[in-house]
Amino acid sequence: MTAPVDDAPWWQRAVFYQVYPRSFADADGDGVGDLAGIRAHLADLAWLGVDALWISPFFRSPMADFGYDVSDYCDVDPLFGDLAAFDALVADAHRLGLRVIIDWVPNHTSDRHPWFVDAASSRDSAHRDWYVWRDPEQDGSPPNNWVAAFDLDAPAWTFHEPTGQWYLHMFESAQPDLNWDEPAVESAMLDTVRFWLDRGVDGFRADVIHGIGKDHALPDDPPEVEGIPHCALNDVPVTHERLRTIRTLLDDYPDDRVMVGEVFLMSTDAVATYYGHDDELHLAFNFPPLFAPWLAGRWAGCIDAARRALDPRGAWPTWVLSNHDNARHRTRYDRAAARAGEDTATGTRRSEARARAAAVLLLTLRGTPFVYQGDELGLLDADVPEDRRVDPGGRDGCRAPYPWDGSPDHGWATPDGVTTWLPFPPGADSRNHEALAAEPGSILHLYRRTLALRRATPALVLGAMEMLGSPDDTLAYRRELAGDTCTVLVNFSGGDVDVTALGRVGAEVLLASDDPAPAGGWSGVLGPDQAVVLRG
Ligand code: ISL
């Protein structure tokens, strides 16, 4: 029975692949990736077997936050190409069956956006109210205690001498927050959405979308907020109204355009509210798994929290292990293990095995997975020497250029004297796309096999998910759709674990994270950091 699969919107069935355009592929040899570079490698992504790309910002930008400071929402920064290059990319992607979503940055603009330049020109300017301005307190201090995301010692406010007021910025001072209470802001930002929908994009990843509503009173934050800067909370009802307006706009277009929102709240219950009642975000990132260590208990908790928060709303989960803002999961797991006393020899052996098992976990949970570029090569974060660090948020390591081959410039065609904007990740001479594509046992092929298995197995895509009791340090779950079932077992420990009690000895092994061609029935014992998918 295939009807439920065909009926479900594409974004529930899809595996997304996040492209960070500065670091994916470079067609013009300036050491920074570009749209033509992405286009030249679309066939590699189709070969891998992902369904859709999310491309991080490529809009005009002074690059204070590497594109998340936008100075023109409706144009391509010359560093990345032009609108024609974007159109060509989308046309080729669609020909290959790949969908394309792009980043939308609605919370803030660049301070060089013409709107802010005008807003800062005088208190009476036409765009003054498009941003959040406040008078100083009596002692001259900022209006409240909010701190900026990348420097928790600095206020989220910058004093603008010429006009004598503070302006709000959740991030860098070069990223002033838009004031969505001003109707003209909402309508101008909706126009930017229409602009790209009309150009044929399949949807958007919306940056810190929960920021578009803010409490008018701008109250002080409580002293302790878990893991995030205080002003990132912004959990107010008006945001949901605005999301409903955005949703209506998207749903009025044909072909199921999607919006996946970055709701940077550490509570899955809170994130769930941003799906509304199937009338706000189609999808929302859920970040606790992005910070979860490689521990079965923590993962069981994340899975349970997502089910409890999302299922009653009929909301569809998302799963993310890595992105451009955080250390890659392989690096995170290795660091945590080293802190816990794992020795180097064991760590080296387990590192790759953990990355492989995590891939199988990511791609078999119920929900839409997002693969961060390079995770399919098992990349580690680059070691970026101090004199090459560029990001104000300290996130350079996970943004290292993608190594395409084993040549000295790893396929980046940089002329003599030009270096890539960041150094390559460790071991790129052998850990690169070309080398791993030539090796059937590589992690790249494991991703490809798992993606192929997903496509061939509707239960893994849309099936219900039931957790099965399993020994300590392991997770076991069954996926089921219309009578088709398969079972996923994951071992989070560095030793063998006997799972015979699950009664699956002899079952057909559809996939094993450490073995390209598992033959015969399952033994009932999970190897160290091994994940397997069994039929039935
Ligand atoms: O990067 C972080 C931690 O190092 C996060 O707190 C991050 O700031 C948060 O996820 C919001 O991220 C998004 O908006 C930022 C931009 O710098 C990030 O790259 C983007 O993903 C501001 O636009």
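The values are calculated or read from the model by the stated rules, or taken from the named source; none is laboratory data. Fair warning: this is a prediction, and the values are worked out from it, not measured in the lab. Every residue, glycine as well, gets a Cβ built from its backbone with ideal geometry; the counts of neighbours run over all protein chains shown. What goes into the accessible areas is simple: the full protein's heavy atoms, side chains included, and nothing from ligands, DNA or RNA. Shrake-Rupley method; radii C 1.70, N 1.55, O 1.52, S 1.80 Å.
Suppose every Lys and Arg Cβ carries +1 and every Asp and Glu Cβ carries -1, with no other charges. What dipole size does the range 463-535 come out with about its Cα centre, to the nearest 20 debye? Show your work: numbers first, answer last.
Numbers: 4 positive and 11 negative charges, 52 e Å.
It works out to roughly 240 debye.
Could you run the Karplus curve 6.51 cos²θ - 1.76 cosθ + 1.60 with θ = phi - 60° over the range 455-464 and give me ³J(HN,Hα) per residue in whole Hz, x for Gly and Pro?
4, 8, 10, x, 4, 6, 8, 10, x, 5
Would you calculate a helix-derived [θ] at 222 nm for the chain, using -39,500 (n - 2.57) for each DSSP H run of n ≥ 4 and dividing by the full residue count, to the nearest 500?
Working: 16 runs with 152 residues, N = 536.
Calculated at 222 nm, the ellipticity per residue is -8000 deg cm²/dmol.
What residues have an amide H closer than 5 Å to that of A156, excluding those fewer than 5 places away on the same chain, when H is modeled at 1.01 Å from N in the peptide plane?
Amide H to amide H, under 5 Å and 5 or more residues apart or across chains, A156 pairs with W146, V147, A148.
Loop-only check: which trypsin sites (Lys or Arg not before Pro) in the range 64-149 are DSSP coil with at most 14 other Cβ within 10 angstrom? Write down the numbers at each step before the final one.
Values: sites: R95, R99, R112, R123, R128, R134; in loops: R112, R123.
Of the trypsin sites (Lys or Arg not before Pro), the ones in loops of the range 64-149 whose Cβ has at most 14 other Cβ atoms within 10 Å are R123.
V100's amide H: which non-local residues (gap 5+, or another chain) put their own amide H closer than 5 Å, with H modeled 1.01 Å from N in plane and none for Pro or chain starts?
Those qualifying (amide H under 5 Å, at least 5 residues apart or on another chain) are L53, D202.
Can you give the relative contact order of the range 426-536 as a percent, counting alpha carbon pairs under 8 Å and 6+ residues apart?
22
Quick one: longest stretch of the chain between exposed loop GluC sites (Glu not before Pro), exposed meaning at most 13 other C-beta atoms within 10 Å and loop per DSSP?
Longest gap between qualifying sites, sites excluded: 227-536.
How high is the FRET efficiency between R95 and A126 when r is their beta carbon distance and R₀ equals 45 Å, given to the nearest 0.05? Could the numbers behind the result be given before it?
Numbers: r = 43 Å, r/R0 = 0.97.
Working from the Cβ atoms, E equals 0.55.
If amide hydrogens are placed 1.01 Å from N in the peptide plane, which non-local residues have theirs closer than 5 Å to the one on A531?
Amide H to amide H, under 5 Å and 5 or more residues apart or across chains, A531 pairs with N491, S513, D514.
³J(HN,Hα) across the range 138-146 via Karplus (A = 6.51, B = -1.76, C = 1.60, θ = phi - 60°), whole Hz, x for Gly/Pro?
The phi angles translate into 3, 8, x, 6, x, x, 7, 8, 5 Hz.
For the range 331-433, which trypsin sites (Lys or Arg not before Pro) are both in a DSSP coil and crowded by at most 16 other Cβ atoms within 10 Å?
Sites meeting the loop and neighbour criteria: R389.
Sort the range 463-535 into rounded, prolate or oblate with this rule: let a ≥ b ≥ c be the square roots of the eigenvalues of the Cα gyration tensor; rounded if a/c is under 1.5, and if a/c is not under 1.5, prolate when a/b is larger than b/c, oblate otherwise.
Taking the square roots of the gyration eigenvalues as a ≥ b ≥ c, the range 463-535 is oblate.
Take the solvent-accessible surface of the protein heavy atoms, probe 1.4 Å, and return the percent of it on the chain that carbon and sulfur atoms account for.
50
Which of the listed residues, M266, V15, H240, is farthest toward the dipole's positive end in the chain, when Lys, Arg count +1 and Asp, Glu count -1 at the beta-carbon?
Final value for the positive-end residue is V15.
Hey, can you find the accessible area per residue of the chain for me, probe 1.4 Å, expressed in square angstrom?
Result: 37 Å² per residue.
Are there any trypsin sites (Lys or Arg not before Pro) in the range 193-301 that are in a DSSP loop and have at most 14 other Cβ atoms within 10 Å? List them by number.
R199
What full-extension length gain, to one decimal in nm, is calculated for R339 and D135 as 0.36 nm per residue of separation minus the Cα-Cα distance?
68.8 nm
Report the residues of the range 56-87 in range of a label on D118: point 7 Å along Cα→C-beta, backbone N strictly under 18 Å from it.
Flagged as within label range: 70-75.
If you plug each phi of the range 257-266 into the Karplus form 6.51 cos²θ - 1.76 cosθ + 1.60 with θ = phi - 60°, what whole-Hz ³J(HN,Hα) values come out, in order, with x for Gly and Pro?
Working through the residues one at a time gives 5, 10, 10, 9, x, 8, 10, 8, 10, 8 Hz.
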